[in-house]
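All of the numbers you see were taken from the coordinates with simple rules; none came from a lab. Remember, it's a predicted structure, so these values are computed and weren't measured experimentally. Here Cβ is always computed from backbone atoms with ideal geometry, including for glycine, and neighbour counts include all displayed protein chains.
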Amino acid sequence: MSRNHFVVRAMAFAALSLALLAGSALPGSAGSFASNQGSLEELFQHPGAPSRSAPTSGFTDLKALGGLAYPTAAQFSSDGRIFVAEKRGLIKVFDGLGNPTPTVFADLRPQVYDFADRGLLGLALDPKFPAKPYVYALYTMDGPKGSTPPVYHDNCSDPQQACVAAARLSRFTEVSHDVAGPEQVLIEGWCQQFPSHSIGTLAFGPDGALYVGGGDGASFTFADYGQYNGSPCHDPGGSHPTPPTAEGGALRAQDLRHIGDRTTQDGAILRVNRKGRALPDNPLYGGTDRTDDPVISEGLRNPFRFTFRPGSSEIYVGDVGWNTWEEIDVVTNPIDPQVRDFGWPCYEGSAPEPDYQSLGLNICDGLYNEPGAVTAPLFAYNHYSQIVPGEDCPLQFGSVISAISFYAGGSYPARYNGALFFGDHSRRCFWVMYPGAGGTPDPSTVQTFETAAHYPVDLKVGPGGDLFYVDFDEGMIRRIQFTPKG
């Protein structure tokens with residue numbers, strides 16, 4: 001894959017489809033590739049549904065900015081500028097919605113591993129930006145931890161695309177208008193063997209802490225407990241782990257339940273300060289294992305996007321599923337002494353995940369036998385069912401929860417105030433979950449909002465309080481605007 005061009009989507013999808021049809025099983029896996037549908041539902045490797053009808057009456061979905069190459073995340077600055085991350089490793093900045101020509105703020109292409117679902121995926125501005133002129137980036141590194149990128153040059157020669165990569169949280173100081181100073185690496189970690197479930201959201205919470213999401217880095221085509229290529233992430237069990245004692249692969253998302261090894265950041269959300277250090281009020285701060293200090297939740301497969309409910313410390317996490325379920329999980333209090341475990345890979349949705357359950361893994365059996373150990377999702381939708389009966393959101397193109405945000409108030413009708421919006425890149429739809437008692441989202445109120453979205457991978461509140469989303473495939477930032485009748 002070249003630096004400047006992401007793999008053509010149709011070609012990537014065709015390659016994955018051929019792999020599925022081939023039905024070749026890995027030694028020690030739970031079954032053949034053909035037995036699992038997860039690879040059809042990964043983020044950037046699927047063509048998505050064709051265009052259909054318009055948004056809810058009164059709303060329009062408009063192009064706000066364009067000319068981008070596979071954008072993944074956007075941030076709005078208080079001075080009117082819009083910062084956009086491109087998957088290949090460029091951070092661009094528009095001086096405003098009326099300025100169609102961006103400036104390159106930072107070029108991270110040599111460091112970024114732009115391959116499959118990997119790349120520059122997270123972006124955040126200091127809450128006091130531009131007075132505090134710091135821009136934060138979260139990206140998959142083109143090489144393992146401790147290496148000097150680029151190692152793979154945006155490619156992977158392994159037949160299963162299992163090139164081990166790390167990820168970085170970095171900070172840039174704006175030294176002059178739209179110009180970044182040198183990269184300051186705050187965290188270099190994670191161990192991701194397969195090319196999906198990489199890092200994702202980077203966001204400041206209402207408490208001023210910086211929250212960092214990372215996936216499990218495991219295979220999306222077989223039940224992965226670390227058995228492929230000699231356990232290169234150095235998980236417990238040596239180079240040939242076997243059930244029931246295996247603790248590698250997707251089980252890294254349960255690392256807090258591992259005994260005697262360092263805690264990784266995989267399948268977890270971290271809470272750190274502006275310099276990337278764990279905060280002393282984190283639930284696991286201190287103790288003999290300092291590697292778990294930043295972790296405030298675990299058991300996540302790919303928490304690609306999350307958001308904070310306005311007026312609270314609650315985190316609403318869109319966790320991308322495997323065979324059957326997409327989830328919205330909730331961290332009700334990030335400094336709660338009880339760290340929330342959402343159960344992956346032992347659970348998907350609210351039930352045990354059958355492929356991992358069948359392996360008889362000690363870690364999963366421990367969860368199954370401990371009431372209250374796993375926090376069930378607030379909401380989950382099945383890959384083979386419509387969310388709202390009769391809606392025009394096709395199922396045959398896969399499912400991936402890829403965008404999530406609250407609407408805090410503005411020009412939209414009052415019924416949307418405090419509502420949770422979420423989108424699916426493959427179904428190309430948005431839904432709205434209205435607030436219930438106490439202002440928290442009520443799953444029983446979910447309605448289809450738009451069935452003609454343009455490949456959303458990030459959703460943010462922007463000027464005028466309107467919702468804006470990043471259109472990955474077509475290289476745009478789009479605005480959902482309401483026009484009252486008359």
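Each label was represented as a point 7 Å from its Cα along the Cα-to-Cβ direction; for D107 and K145 these points are 3.1 nm apart. Segment 369-439 and segment 103-135 have Cα centres separated by 27 Å. Computed from backbone phi with θ = phi - 60° and the Karplus coefficients 6.51, -1.76 and 1.60, the 3J(HN,Hα) list for segment 363-376 is 4, 5, 4, x, 5, 4, 9, 10, x, x, 5, 10, 8, 6 Hz; x is used for glycine and proline.
Explain nothing, just the number: relative contact order of segment 170-219, from Cα pairs under 8 Å at least 6 residues apart, as a whole percent. Write out the running numbers ahead of the final one.
Values: 67 pairs, mean separation 15.0, N = 50.
In percent, rounded to a whole number, it is 30.
Of the labelled figures (i) 91, 58, 45; (ii) 66, 52, 46; (iii) 88, 48, 40, only one reflects Cα extents along the principal axes in Å as derived from the coordinates, namely (ii). The modelled label-to-label distance between S312 and A437, using points 7 Å beyond Cα along the C-beta direction, is 1.3 nm. The phi torsions of segment 177-185, fed into the Karplus equation with coefficients 6.51, -1.76 and 1.60 and a -60° offset, translate into couplings of 4, 6, 10, 8, x, x, 5, 10, 6 Hz, rounded to whole numbers, with Gly and Pro shown as x.
When the trypsin sites (Lys or Arg not before Pro) in segment 111-220 are filtered for DSSP coil states and for at most 14 other beta-carbon atoms within 10 Å of their beta-carbon, the remaining sites are K128. As a length-normalised measure over Cα pairs under 8 Å and 6 or more apart, the relative contact order of segment 300-373 settles at 22 percent. Reducing segment 222-243 and segment 275-326 to their Cα centroids gives an inter-centroid distance of 24 Å. Coupling constants for segment 269-286 follow from the phi torsions by the Karplus curve (6.51 cos²θ - 1.76 cosθ + 1.60, θ = phi - 60°), and in residue order they are 10, 9, 10, 9, 8, 5, 9, x, 9, 4, 8, x, 9, 4, x, 10, 5, x Hz; glycine and proline get x.
Could you work out the local net charge near V104, counting Lys and Arg as +1, Asp and Glu as -1, over the other residues with Cβ closer than 9 Å to its Cβ? Don't jump to the answer; show the numbers that get you there.
Values: positive: K92; negative: D107, D178.
Surrounding charge for V104 is -1.
A Förster distance of 45 Å, applied to the separation of the beta-carbon atoms of R262 and A351, puts the FRET efficiency at 0.90. Taking the charge dipole of the chain about its Cα centre, with +1 at Lys and Arg Cβ atoms and -1 at Asp and Glu Cβ atoms, the residue from G237, P149, Q254 reaching farthest to the positive side is P149. Counted by neighbouring Cβ atoms within 10 Å, the residues E474, E348 run from fewest to most as E474, E348. Per-residue ellipticity at 222 nm, computed for the chain from helices alone with -39500 (n - 2.57) per DSSP H run of at least four residues, works out to -1500 deg cm²/dmol.
Mind sorting M141, M476, M433 by how few other Cβ atoms lie within 10 Å of their own Cβ, fewest first? Let's see the in-between values first.
Values: M141 30, M476 20, M433 24.
Ordered by Cβ neighbours within 10 Å, fewest first: M476, M433, M141.
Amide H contacts of A64 (H built 1.01 Å from N, in plane; Pro and chain starts excluded): I477, R478, R479 sit under 5 Å, all sequence-distant by 5 or more or on other chains.
Model label sites at K63 and A376, defined 7 Å from Cα along the beta-carbon direction, differ in position by 4.6 nm.
Of the residues H425, L467, T483, the one whose Cα sits farthest towards the positive end of the charge dipole of the chain is T483 (charges of +1 on Lys and Arg Cβ, -1 on Asp and Glu Cβ, taken about the Cα centre).
Taken about its Cα centre, the chain carries a charge dipole of roughly 1220 debye when the Cβ of each Lys and Arg holds +1 and the Cβ of each Asp and Glu holds -1.
Would you work out the relative contact order for the chain, in percent, from Cα pairs under 8 angstrom that are 6 or more residues apart?
For the chain, the relative contact order is 15 percent.
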